[in-house]
Amino acid sequence: MDPIPIVLVHGTRFARGQWQPQLAALAAEFPTTAVDLPGHGSRSAEPWSLDRAADVVAEAARDLGAGPAVVVGHSLGGYVSLHLARRHPELLAGLVLMGASAATTGPLTVPYRLIAALVGRLPADRLTRWNDRLLRRLYPPEVVAATIADGYAFHTLPIAWRDVLGRFDAASLAAVTAPVLILNGARDRVFRSGERSFARACPTARVELVPGAGHLANFDAPAAVTEAVRRFARQVAEAR
């Protein structure tokens, strides 16, 4: 059985360093890479667009050179991964949606539009200090050091959120024919809110919860998230 490639896609304001807790462990078994989306990390100067973000993930999958990939997307990266499924379905062997099974349509998006507008008005250095202190207080260095070193894409957050809001709901999964794992932190009440409808919309989808974890499940329970992705990738590879 040939190992299946894995592409890891970070969430809002973070960059590829978000996957520090998973990258080495998964790379020991699978061809694995983590990307920086436009406007984030090493691509900080690149303008954001949802199409370009999906293309960056597609390029990473092709660069691994082992055929279609399992794409693991967290939060913003999960919605980018859903857009990849629309734009480059031939590159998707399996999809892991983490913290991205809430619809981005309807009146419940209003608070997120307000937050995006507020972030755009606050000084980036102040937001950076707040984020650094929060991550250091909540998590050990081996989990968040790479995220802190990457910095934060506060300048991209408002436009990225505006691009995603209004575009995704359970129907976004309906056309996905690859296996889907909806992987959520058990305490992530907001971004779990649509998981049942998302799962019903896609016959290949199943839901798995990470006990005790919130929205940043791969920080809250690194080993459990790594094992869930590893197990799913093995299942996808066996079914090929």
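Can Asp55 be described as touching a strand residue (DSSP E or B) at 6+ places or on another chain (Cβ under 9 Å) and surrounded by fewer than 20 Cβ atoms within 10 Å (Cβ to Cβ)? Against the criterion (touching a strand residue (DSSP E or B) at 6+ places or on another chain (Cβ under 9 Å) and surrounded by fewer than 20 Cβ atoms within 10 Å (Cβ to Cβ)), Asp55 does not qualify. When the helices (runs of 4 or more DSSP H) confined to region 106-161 are screened for residues that are farther than 21 Å from Gly39 by Cβ and at pLDDT 80 or above, those reaching at least 1 such residues are found at 124-138, 141-150. Restricting attention to region 60-68, does a residue exist that is more than 22 Å from Leu157 (Cα to Cα), outside any loop (DSSP other than H, G, I, E, B), open to solvent by 10 Å² or more (accessible area, probe 1.4 Å) and in contact with a Pro (Cβ under 8 Å, 6 or more places away or on another chain)? Yes; the residues of region 60-68 include at least one that is more than 22 Å from Leu157 (Cα to Cα), outside any loop (DSSP other than H, G, I, E, B), open to solvent by 10 Å² or more (accessible area, probe 1.4 Å) and in contact with a Pro (Cβ under 8 Å, 6 or more places away or on another chain).
State all residues of region 180-205 that are of a type in the set (D, E, K, R), in a loop (DSSP other than H, G, I, E, B) and touching a helix residue (DSSP H, G or I) at 6+ places or on another chain (Cβ under 9 Å); if no residue qualifies, say none. Arg187, Asp188, listed by residue number. Listed by first and then second residue, the pairs with beta-carbon distance under 6 Å, at least 6 apart or on different chains, first residue in region 51-68 and modelled with pLDDT of 95 or more, second open to solvent by 40 Å² or more (accessible area, probe 1.4 Å), are Ala54/Arg87. On the given criteria, is Ser101 open to solvent by less than 10 Å² (accessible area, probe 1.4 Å) and among the polar types (S, T, N, Q)? Considered against the rule, which asks whether it is open to solvent by less than 10 Å² (accessible area, probe 1.4 Å) and among the polar types (S, T, N, Q), Ser101 comes out as yes. Inspect region 38-56 for any residue being polar (S, T, N, Q) and farther than 16 Å from Arg162 by Cα and give the result as yes or no. Within region 38-56, one or more residues are polar (S, T, N, Q) and farther than 16 Å from Arg162 by Cα.
Screening Arg192 against (1) open to solvent by less than 30 Å² (accessible area, probe 1.4 Å); (2) in contact with a strand residue (DSSP E or B) (Cβ under 7 Å, 6 or more places away or on another chain) leaves a single unmet condition, (1). Of all residues in region 211-220, those that are touching a helix residue (DSSP H, G or I) at 6+ places or on another chain (Cβ under 9 Å), assigned to a loop (DSSP other than H, G, I, E, B) and at negative phi total 4. Of everything in region 37-52 that is aliphatic (A, V, I, L, M) and crowded, with 16+ Cβ neighbours inside 10 Å, the residue that is nearest to the chain's Cα centre (by Cα) is Leu37. Every test in (1) among the aliphatic types (A, V, I, L, M); (2) more than 21 Å from Thr12 (Cβ to Cβ); (3) assigned to a helix (DSSP H, G or I) is passed by Val229 save one, and that test is (2).
All of (1) of a type outside the set (Lys, Arg); (2) within 23 Å of Trp19 (Cα to Cα); (3) open to solvent by 30 Å² or more (accessible area, probe 1.4 Å) hold for Gly185 with one exception: (3).
For Val7, the conditions (1) under 19 Å from Arg87 (Cα atoms); (2) in a loop (DSSP other than H, G, I, E, B); (3) of a type outside the set (D, E, K, R); (4) under 14 Å from the mean Cα position of the chain (by Cα) all hold with the exception of (2). Once region 151-196 is narrowed to residues that are of a type in the set (Gly, Ala, Ser) and free of Cβ contacts under 8 Å to residues at least 40 places away in the same chain, the residue that is farthest from Leu50 (Cα to Cα) is Ala186.
Scanning for something assigned to a loop (DSSP other than H, G, I, E, B), of a type outside the set (Lys, Arg) and free of Cβ contacts under 8 Å to residues at least 24 places away in the same chain, does region 85-96 turn up at least one residue? No; the residues of region 85-96 include none that is assigned to a loop (DSSP other than H, G, I, E, B), of a type outside the set (Lys, Arg) and free of Cβ contacts under 8 Å to residues at least 24 places away in the same chain.
The values are calculated or read from the model by the stated rules, or taken from the named source; none is laboratory data. Fair warning: this is a prediction, and the values are worked out from it, not measured in the lab. With ideal geometry, Cβ positions are generated from the backbone for all residues, glycine too; neighbour counts draw on all protein chains shown. Side chains included, ligands, DNA and RNA excluded: accessible areas come from the protein's heavy atoms. Shrake-Rupley method; radii C 1.70, N 1.55, O 1.52, S 1.80 Å.
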